[in-house]
Structures are given as structure tokens and as C-alpha cells.
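First comes the structure, then the notes that go with it.
Read-outs: derived from the displayed coordinates by stated rules, not from any lab. It should be emphasised that the depicted structure is a prediction, and the values quoted were computed from it without experimental measurement. Quick reminder, even Gly has a Cβ in these numbers, built from the backbone with ideal geometry, and neighbours come from all protein chains shown.
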Amino acid sequence: MDLVLRTAFVFFLILIVTRAVGRRELSSMEPFDVILLVVIGDMVQQGVTQSDYSLTGTTTVIATLAVLTVATGYLSFRVGRLRPLLEGEPIVLIANGEIRREALRRQRITIDELGAEARQSQIGSLRDVRFAVLETGGQISFVTD
Amino acid sequence: MTELFRDLAEGDPPRALNRGLWARRAAMTVLAVVVVVALLDVLGQRASRSSAAGPAAALSLRAPKVVRGGLLFESRVEITARRAIDHPRLVLADGWVEGMQVNSVSPDAEGTTSRGGDVVLSFPALRAGERRTIRMQFQVDPTNVGHRSYDLELDDAETALARIDRTLTILP
């Protein structure tokens, strides 16, 4: 039982952390972020399985994570009010060609970063962008004129 | 370019939408059952108590009946003497130590011997009415899998006073 409870605790802890850290940081992995991810993974493993070296323990943890993932996905699908909490909401960064600087500031995105994202979408100038939306996965979608 | 989409749209429904869906649901059901079984402590390691009593002493053992490889666990033995016991000895079946790391026995036994494969721990004499608690800390070797005899006997020298028959299941 303790294994399931520890896994559930860590699952929701990671859910809260990822929602709190922000989607941009998680979608663009710098080398530092990759190393931090590995360190966090190691710490999580120690906290969840502790000294357990068994296949039974591994199966229990994976099963718990799978059930929790499907359960939160189902809840997000069925209960609209939970969706912003579990997955976040798309955030408009450019609307009708006008850059929303407050939205950029809150998401810690600079104009230069927005420009870089636009270049990766084969857009030559932000003036050509009609809408830019920060999606829940951390990617930025662009709609041009 | 549109033929890449048209072929998909006009073709047979992908198996992911029918058989694949039911296969996923079946797999998730199996995983959910694993979680429920684990929540019910079937996969270890909730401790349970077993007791035995005789005219001379009462013996109780609190230890898990199911453990997993690598786990640390405690077995707690309580002896209550109903009359003076001059040479109290705990006789542990071989499953207590086979494939186990014995981290500590507290209080330490005065002596340790072997009797037909069992381990015999000797302790100081007990007065009538005296109670003694012995805590033993173990860790399961990951390669130690199966059912082990976890019997426990309290002797006064060579005379059996109380006996608990138990089995320890070690999951892979």
C-alpha cells in the first residue's frame, strides 16, 4: 500500500511543480534543464521505491502511474472545469497583429524569444503574425495574414 | 499531397479505433487491478501479529507475511513469562535468515547456536511476569524469492514452551 501512496504523492507533486514552473521552461530544454530532470528523476526514484529492488514493486509503481495518468486525462476530458487546472489554457500572445506585452511578461517570454519561435515557423517578421498562441504544451502557434 | 490524407480517410477504420481500443482498456484494467491489490497490502509488507501461549509463557510475533526483494522490515517478538524461565531461547526457522541480511537484533542475544538448520538465540533469564521485547531488523536479498518457513519457538533450554508456525512469502 505504501508504494501506491508514495507514487500517488509524487505524481501529484510533479503535476503541481510542472504547473507552477510554467510551460515555456518545460517545453524548451536547455542542457541545465536536462541535467536537472535527471537529478529529479533519481531523487523521485529514491523517495518512491526506497530500498525496493523487486519486480513486484516496479510493476506496482508503473501501474499506479499509468492509472493516475489515464484518470487525470479522463477527468480533464470529462470535467471541463478541471481542464485549466490539469492541463492549463492556451494564452494569446499576439491578437490581431498586436503584441500582448502583459501576457509575454507573465509567461517570461521576451520579444526576441517570440521572434525566434516565429523564425522557426518560417515567419520573417512579427508584423506578419496575426495571432500567436502559447499552447498548453509550451509550443507557440502562429497564424499569419 | 492530399492523397496522403485521402488514403487514410477512405480506407478501413484503423484497428486503433476498435480492437486496439479494447486491448488498451483491458491492459488498463489489469494495471488498475495491480494497484487495487497493492492497496489491499497483498503485495507486502504490512505487519501482522501471531501469538501462541503455554502454561509457562506467552509468545507473540509481529512481522510481515509478504515482503519484496530489497525491502527493510522489522520482526518484533514479545515474550511474557508466566513462571521463571532460566534459559530462554528463541528458535528461528531457517527462513528467518536464509537470503536475508540481518541488520540488528535488539537487545543482543547472549549466544547464538544452530539446531538442525534453525538458529537458536539465547537470552538472559526471565522472572515470572516479566515481559521482554526483541526487535530484529532485516533486509531481503533481491535474489531470495519464494516461500520460507518463518516458525518461531520459545524454549527454556531444550524444552519447548510456545511455538508459532508462520510462512514468509518473498515476492520477486
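Summary of values
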{"read-out": "Angle between chain B longest axis and helix B:19-39 axis [Cα atoms, degrees, rounded to 10]", "value": "20"}
{"read-out": "In degrees, nearest ten, helix A:111-120 long axis to first principal axis of chain A (Cα)", "value": "90"}
{"read-out": "Prolate/oblate/rounded label for the stretch B:86-172 (Cα gyration tensor, a/c 1.5)", "value": "prolate"}
{"read-out": "Other-chain or far-sequence residues with amide H under 5 Å of B:L71's (modelled H)", "value": "A:Y53, B:V140"}
{"read-out": "Cα-Cα P(r), chain B, percent of pairs per 10 Å interval", "value": "9, 30, 23, 12, 7, 7, 6, 4, 2, 0"}
{"read-out": "Of the trypsin sites (Lys or Arg not before Pro) in the stretch B:127-162, those whose Cβ has at most 14 other Cβ within 10 Å and which sit in DSSP loop", "value": "B:R127"}
{"read-out": "C-alpha long axis of helix A:31-49 to longest principal axis of chain A, angle in °", "value": "30"}
{"read-out": "Rounded to 5, percent antiparallel among DSSP beta bridges of chain B", "value": "95"}
{"read-out": "Test item: Cα-centred dipole of the stretch B:105-160, Lys/Arg +1 and Asp/Glu -1 on Cβ, debye", "value": "240"}
{"read-out": "Convex hull volume per residue in cubic angstrom - Cα atoms of the stretch A:91-144", "value": "65"}
{"read-out": "Relative contact order of the stretch B:22-172, defined on C-alpha pairs under 8 angstrom at six or more residues apart (%)", "value": "28"}
{"read-out": "Peptide ranges B:151-159, B:66-74 listed from the most packed, as the mean C-beta count within 10 angstrom indicates", "value": "B:66-74, B:151-159"}
{"read-out": "Excluding exposed DSSP-loop trypsin sites (Lys or Arg not before Pro) (at most 15 other C-beta within 10 Å), longest clean stretch of chain A", "value": "A:1-99"}
{"read-out": "Between the stretch A:75-105 and the stretch B:61-123, the alpha-carbon center distance in angstrom", "value": "61"}
{"read-out": "Three-way shape call for the stretch A:2-87 based on the alpha-carbon gyration tensor, with the a/c threshold at 1.5", "value": "oblate"}
{"read-out": "Cβ neighbours within 10 Å from other chains - mean over B:31-44", "value": "6"}
{"read-out": "Amide proton proximity set for A:I109, modelled H, under 5 Å, gap of 5+", "value": "none"}
{"read-out": "Average other protein chain Cβ within 10 Å of Cβ, residues A:41-51", "value": "1"}
{"read-out": "Debye, to nearest 20: dipole size of chain B, +1 on Lys, Arg Cβ, -1 on Asp, Glu Cβ", "value": "600"}
{"read-out": "Normalised contact order of chain A, rounded percent, pairs of Cα under 8 Å and 6 or more residues apart", "value": "25"}
{"read-out": "Shielding by partners, peptide B:140-147 (average Cβ within 10 angstrom, other chains)", "value": "2"}
